[in-house]
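Here is the structure we will look at.
The values are calculated or read from the model by the stated rules, or taken from the named source; none is laboratory data. Computed from a predicted model, the values in this text were never measured in an experiment. Neighbour counts are summed over all protein chains in view; Cβ atoms, including those assigned to glycine, are modelled from backbone coordinates with ideal geometry. Calculation scope for accessible area: heavy atoms of the full protein, side chains included, ligands and nucleic acids excluded. Shrake-Rupley method; radii C 1.70, N 1.55, O 1.52, S 1.80 Å.
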Amino acid sequence: MSSWLVLGLAMSAAVAVVVFTALVRDRRGGDDEADADETPDVIEYMTMMIGVVYAIVLGLAIAGVWEGKAAAEDNARAEAFALHELHERAAEYPEAAADRIRAAVDTYAAYAVTEEWPTYADTGELTDRGDRLLADVRQAILDHQPRTDMESRASYALTDQLTAAAEARNVRSLESGSTLGPLVWFGLLAGGLVSVGMLFALQLRRSPRELILAGVFTALIAFLLFLVWEFDAPAARDMDSLTEAFTTLFPGATGG
């Protein structure tokens, strides 16, 4: 299901529930309902404070998931850049050895984009075959014994790039899944319900102006919660941005 469709459904459902509840409550309350001007000042103060606190918590949550998403993208780029540099620096080896290294790198990149990343998005785990293919890259480097000073320097450079790629891969395996824990999500959802519920403590009526304001407020909260959800697990919900560096540096990885 498209993220935009999820957002539209979530915002529409949230606004519909609030408007429907306000209309039903107003119809049932009738003349017995207390006048809006009689809302105690303490309720207005509590509503304001709850809104402020929830806005701060929601802002921190958005900042946290955005930082996690940026870190995941940086780590994926680091892995792709290290592999690409390894692919290019292989030119300093004899042609046969360089071809073996490049073939091993291309095989790993193609597998990572077409098979391992989708599996990682679904399960949050790397595959054994990916480990073996990266080990094949390492073995292709070690199979050639440097014979000149230039090849020795190239060997060190290739090893450093391979280490960088392996480290980025290991970080990826450790940072899978949701950035926010279940308890944080419970707090965000409960806080949203309380914030919207406090609208009714202010004697919300069914006048067009009040219903529009209530709808906009509810839609805003739904949108911000969707934003947190969208950024919370970038591997599962935004895999294209994570694999962009791979597909850019290794055009053949997608089979195109």
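Descriptive notes on the structure:
- Any hit, the stretch 172-193, residues being modelled with pLDDT of 85 or more, over 26 Å from the mean Cα position of the chain (by Cα), surrounded by 13 or more Cβ atoms within 10 Å (Cβ to Cβ) and closer than 28 Å to Phe250 by Cβ: no
- All conditions in (1) polar (S, T, N, Q); (2) part of a helix (DSSP H, G or I); (3) closer than 20 Å to Ala82 by Cβ; (4) in contact with a helix residue (DSSP H, G or I) (Cβ under 9 Å, 6 or more places away or on another chain) hold for Ser195, with the sole exception of (3).
- Residue check for Glu151: open to solvent by less than 70 Å² (accessible area, probe 1.4 Å), farther than 30 Å from Gly59 by Cβ, among the acidic types (Asp, Glu) and modelled with pLDDT under 90: yes
- Neighbours by Cβ (under 9 Å, 6+ apart or cross-chain): first from the stretch 116-138, basic (Lys, Arg); second surrounded by fewer than 19 Cβ atoms within 10 Å (Cβ to Cβ) and modelled with pLDDT under 95: Arg129/Tyr111; Arg129/Glu115; Arg138/Thr159; Arg138/Ala166
- Scanning the stretch 102-121 for residues that are over 22 Å from Ala233 (Cβ atoms) and open to solvent by 10 Å² or more (accessible area, probe 1.4 Å) yields Arg102, Ala103, Ala104, Asp106, Thr107, Ala110, Tyr111.
- Listed by first and then second residue, the pairs with beta-carbon distance under 6 Å, at least 6 apart or on different chains, first residue in the stretch 149-162 and at negative phi, second open to solvent by less than 50 Å² (accessible area, probe 1.4 Å) and among the hydroxyl-bearing types (Ser, Thr, Tyr), form an empty list.
- Reported count of residues in the stretch 55-101, each being assigned to a helix (DSSP H, G or I), touching a residue at least 60 places away in the same chain (Cβ under 8 Å), open to solvent by less than 20 Å² (accessible area, probe 1.4 Å) and not charged (D, E, K, R), is 9.
- Against the numbered list (1) modelled with pLDDT under 90; (2) of a type in the set (Asp, Glu); (3) within 30 Å of Thr148 (Cα to Cα), Glu85 comes up short only at (1).
- Residues (at pLDDT below 90 and of a type in the set (Lys, Arg)) located in the stretch 44-82: Lys69
- Among (1) at pLDDT 85 or above; (2) more than 20 Å from Ala70 (Cα to Cα); (3) open to solvent by less than 30 Å² (accessible area, probe 1.4 Å) - the single one Phe226 does not satisfy: (2)
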